[in-house]
């Protein structure tokens, strides 16, 4: 899956409708022709038609996401006789979203220079049809091809809910195995699409998500990224991937862990290089992260067992509220070093280590070299014991 606003739904393409203006005087015709050609070459003209009764003057918003993945408004228009338009210039293709007042959901569209046609039902924006430009054709092709996986996913969820309600453990186990098979099919489908379409913006969006969710190893992501065309590398997701790859390579196993510093719960500043031991665990977590809290007792057990032999831990919290951070430390008995800038995933330490999902952890040897990543449960204790015994 891509960001919260990149919803994996299916669309169909449709023929773009051409509108003609009546001829007036020759000079006016030449002017209109020049403007139309200029839009086609240097800007975008998005024409949308809504099936179903939507009142005239209903507001329509064109939005995209900023560097924090928050929606920002780009343009506003209104519905007139069941249609609306947006015009402008978009040198580099970028995913945008159309929101209509009073209607549920949004219409994803790749904004790029050219004539873009959109058509949707007022009660099903998620099944909009977008066509007219190259990147939207790629986008629609991907969505159409992935429709079968969506249907299988919905069916799987229904079966799982039914099995859970009936406490059918045999069926639940069987469905878990099917889930793993489905995930592998989706993984391979996504990789094949990326390989076959290195000039598609949607390929960069898919790869960005695969890297963020750790479905692919860094080397696999880098190989696919290097195959992208220069135009796709220059897009927003292309640049994000390049930055993430640079950061990830800097925190790969075998690399010296980047030093960092941050505020402690008591208001001081702590640096990693000040507290490294024979073995150091950098643990990214948060009070609101349930999987992190579930894992904390295991980390406490490992720490108590090996702290006298040289194990140090630095907890990096991605909380936003100081009181919740401190309360969780006390409740879980996390008696080691802690830092946090209270900026959630915008924490500079998280960004330095390219952490976009938690729990996440980096295990360092006595030289500060990263020897393992994201070890949990028995695997963590086994590796710590190996390094200290």
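The values are calculated or read from the model by the stated rules, or taken from the named source; none is laboratory data. Keep in mind that what you see is a predicted model, and the values were worked out from it rather than measured. Glycine also receives a Cβ, built like all others from the backbone with ideal geometry; neighbour counts cover every protein chain displayed.
What are the residues in the range 170-186 that are closer than 20 Å to residue 215 by Cα and free of Cβ contacts under 8 Å to residues at least 24 places away in the same chain, if any?
If the condition is that a residue be closer than 20 Å to residue 215 by Cα and free of Cβ contacts under 8 Å to residues at least 24 places away in the same chain, then 176, 177, 178, 179, 180, 181, 183, 184 are the ones that fit.
The residue that is modelled with the highest pLDDT, among those in the range 276-302 that are over 31 Å from the mean Cα position of the chain (by Cα) and closer than 21 Å to residue 355 by Cα, is 279. Do we have residue 92 as assigned by TED's automatic domain parsing to the domain that holds residue 52, outside any helix (DSSP H, G or I) and surrounded by 19 or more Cβ atoms within 10 Å (Cβ to Cβ) here? When the stated conditions are applied, residue 92 does not pass them. For residue 167, the criteria (1) surrounded by fewer than 14 Cβ atoms within 10 Å (Cβ to Cβ); (2) touching a residue at least 12 places away in the same chain (Cβ under 8 Å) hold in every case but one, which is (2).
Here is a check on your reading of the model: is residue 219 surrounded by fewer than 13 Cβ atoms within 10 Å (Cβ to Cβ) and touching a helix residue (DSSP H, G or I) at 6+ places or on another chain (Cβ under 8 Å)? In short, no. Residues that are surrounded by fewer than 22 Cβ atoms within 10 Å (Cβ to Cβ) and assigned to a strand (DSSP E or B) within the range 95-116 comprise 97, 99, 114, 115, listed in sequence order. So is residue 42 over 28 Å from the mean Cα position of the chain (by Cα), within 23 Å of residue 231 (Cα to Cα) and modelled with pLDDT under 95 or not? So residue 42 passes the test.
Listed here are the residues, each with its yes/no results for (1) assigned to a helix (DSSP H, G or I); (2) crowded, with 20+ Cβ neighbours inside 10 Å.
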| residue | (1), (2) |
| --- | --- |
| 228 | no, yes |
| 231 | yes, no |
| 242 | yes, no |
| 246 | yes, no |
| 249 | yes, no |
| 253 | no, no |
| 273 | yes, no |
| 282 | no, yes |
| 287 | no, yes |
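Counting only residues that are within 27 Å of residue 232 (Cβ to Cβ) and at pLDDT below 85, the range 150-202 holds 1 of them.
Give just the number: which of (1) surrounded by 10 or more Cβ atoms within 10 Å (Cβ to Cβ); (2) touching a strand residue (DSSP E or B) at 6+ places or on another chain (Cβ under 8 Å); (3) modelled with pLDDT of 95 or more; (4) over 25 Å from residue 134 (Cα atoms) does residue 80 not satisfy? With respect to (1) surrounded by 10 or more Cβ atoms within 10 Å (Cβ to Cβ); (2) touching a strand residue (DSSP E or B) at 6+ places or on another chain (Cβ under 8 Å); (3) modelled with pLDDT of 95 or more; (4) over 25 Å from residue 134 (Cα atoms), residue 80 is out only on (2). Is it fair to say residue 127 is buried (at least 20 other Cβ atoms within 10 Å of the Cβ) and outside any loop (DSSP other than H, G, I, E, B)? No; evaluated as a whole, the condition is false for this residue.
Each row is one residue, and each column tells you yes or no for (1) in the same structural domain as residue 321 (by TED's automatic domain parsing); (2) in contact (Cβ under 8 Å) with a residue 60 or more places away in the chain; (3) under 18 Å from residue 349 (Cβ atoms).
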site: 267; (1), (2), (3): yes, no, yes
site: 286; (1), (2), (3): yes, yes, yes
site: 289; (1), (2), (3): yes, yes, yes
site: 297; (1), (2), (3): yes, no, no
site: 306; (1), (2), (3): yes, yes, no
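Just one of (1) out of contact with any strand residue (DSSP E or B) (no Cβ under 7 Å at 6 or more places or on another chain); (2) closer than 30 Å to residue 190 by Cα; (3) not in a helix (DSSP H, G or I) fails for residue 237. It is (3).
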